[in-house]
Amino acid sequence: MYDYAMGGKDWYEVDRVELERLKAVMPEAVDLALENRRFLIRMCRFLAEQAGLTQYLDLGSGLPTAENVHQVVQRVDPLSKVVYVDHDPVVTAHGRALLEENENTRYIAGDIFDPRGILEDETVCSHLDWSRPIGLLFIASLHHFKGDRARPAEVTAEFIDALPSGSYVAISHAFDPGKGADSEAMRAFEAAVARGSLGGVTARTAEEIVELFHGLELVEPGLVELVNWWPSGPRLKPLNVAQRLMAGAVARKA
């Protein structure tokens, strides 16, 4: 669906149909994908250029599409290592095929809501050096958990505990402002997603999203709408509803 929204070629008819259905509920839905990808690009560039990270664990990555993590960070340092994790076997197989010529990138099948299974995976343990800082990425993935609302925070805590000092955590998440027309729009969007192939999405308030970082120091400007996290230039146009309903932040582990 992300690839279709961005004009790529690695998508199926069901992806097109589903996104068009969601656009009937929120016409600006494509901007959810676009702003999430733009945030990922700016965030990865920051981690590679400013924080100096050379290894990344992308949890719930989906199908690699235009300007994914390895493409951004390996332009800064071609030796940067990336491990992608996704639970969908079809996505995993396709992802491995797309990345088979990139010796510094790996793609594994795994459930990101089972941290121990990921942290003990042979590829994760051998491809990444856990004595050196790692970029841990939850990009539009935590909000898809369908069980206990508290579980995503438990998951991030376990991963954060395993990270070496100097690591960074990046999260983008469906945002519920808590009241007003935008909150009502998110309720309608959640209901529409629940009826489709994505299976569901659970938006969180700003306070709930910050809790996912467990007290780590947030990089300025803190938690903001994705479009406002170090944008490329001054804002000349007002944000539409979709741009206001995805938030994110990056934090450092001391």
> Somewhere in region 67-79, is a residue within 16 Å of Asp3 (Cβ to Cβ) and either open to solvent by 30 Å² or more (accessible area, probe 1.4 Å) or charged (D, E, K, R) (or both)?
Replying inline: yes
> Only one of these conditions is not met by Ala157: (1) open to solvent by 60 Å² or more (accessible area, probe 1.4 Å); (2) touching a residue at least 12 places away in the same chain (Cβ under 8 Å); (3) small (Gly, Ala, Ser). Which number is it?
Replying inline: (1)
> Only one of these conditions is not met by Val201: (1) in contact with a strand residue (DSSP E or B) (Cβ under 8 Å, 6 or more places away or on another chain); (2) among the hydrophobic types (A, V, I, L, M, F, W, C); (3) in contact (Cβ under 8 Å) with a residue 60 or more places away in the chain. Which number is it?
Replying inline: (3)
> Out of the residues in region 100-147 that are of a type in the set (Ser, Thr, Tyr) and in contact (Cβ under 8 Å) with a residue 40 or more places away in the chain, which is most open to solvent (accessible area, probe 1.4 Å)?
Replying inline: Thr123
> How about region 10-43: which of its residues are within 27 Å of Pro231 (Cβ to Cβ) and aliphatic (A, V, I, L, M)?
Replying inline: Leu19, Leu22, Val25, Met26, Ala29, Val30, Leu32, Ala33, Leu34, Leu40, Ile41, Met43
> For the subset of region 1-41 comprising residues that are of a type in the set (Phe, Trp, Tyr) and assigned to a helix (DSSP H, G or I), which member is nearest to Val193 (Cα to Cα)?
Replying inline: Tyr2
>> Kindly evaluate Leu245 against the criterion of being in contact (Cβ under 8 Å) with a residue 24 or more places away in the chain and touching a Gly at 6+ places or on another chain (Cβ under 7 Å).
In response: no
>> I'd like the residue in region 160-180 that is free of Cβ contacts under 8 Å to residues at least 12 places away in the same chain and farther than 28 Å from Gly52 by Cα and, out of all such residues, is least open to solvent (accessible area, probe 1.4 Å).
In response: Gly180
>> Here are the criteria: (1) in a helix (DSSP H, G or I); (2) open to solvent by less than 30 Å² (accessible area, probe 1.4 Å); (3) in contact with a Phe, Trp or Tyr (Cβ under 6 Å, 6 or more places away or on another chain). Tell me which single one Cys44 does not satisfy.
In response: (3)
>> Where the second residue is at pLDDT 75 or above and the first is open to solvent by 70 Å² or more (accessible area, probe 1.4 Å) and lies in region 14-25, which pairs have Cβ atoms under 9 Å and are six or more apart or on separate chains?
In response: Arg21/Ala192; Arg21/Arg195; Ala24/Ala192
>> Within region 192-231, take every residue that is assigned to a loop (DSSP other than H, G, I, E, B) and of a type in the set (D, E, K, R) and give me the one that is most open to solvent (accessible area, probe 1.4 Å).
In response: Arg195
> Among the residues of region 41-59, is any at pLDDT below 95 and not β-branched (Val, Ile, Thr)?
Replying inline: no
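The values are calculated or read from the model by the stated rules, or taken from the named source; none is laboratory data. Keep in mind the model is a prediction, meaning the values are calculated, not measured. Neighbour counts are summed over all protein chains in view; Cβ atoms, including those assigned to glycine, are modelled from backbone coordinates with ideal geometry. To get the accessible areas, we keep the full protein, side chains included, count just its heavy atoms, and leave off ligands, DNA and RNA. Shrake-Rupley method; radii C 1.70, N 1.55, O 1.52, S 1.80 Å.
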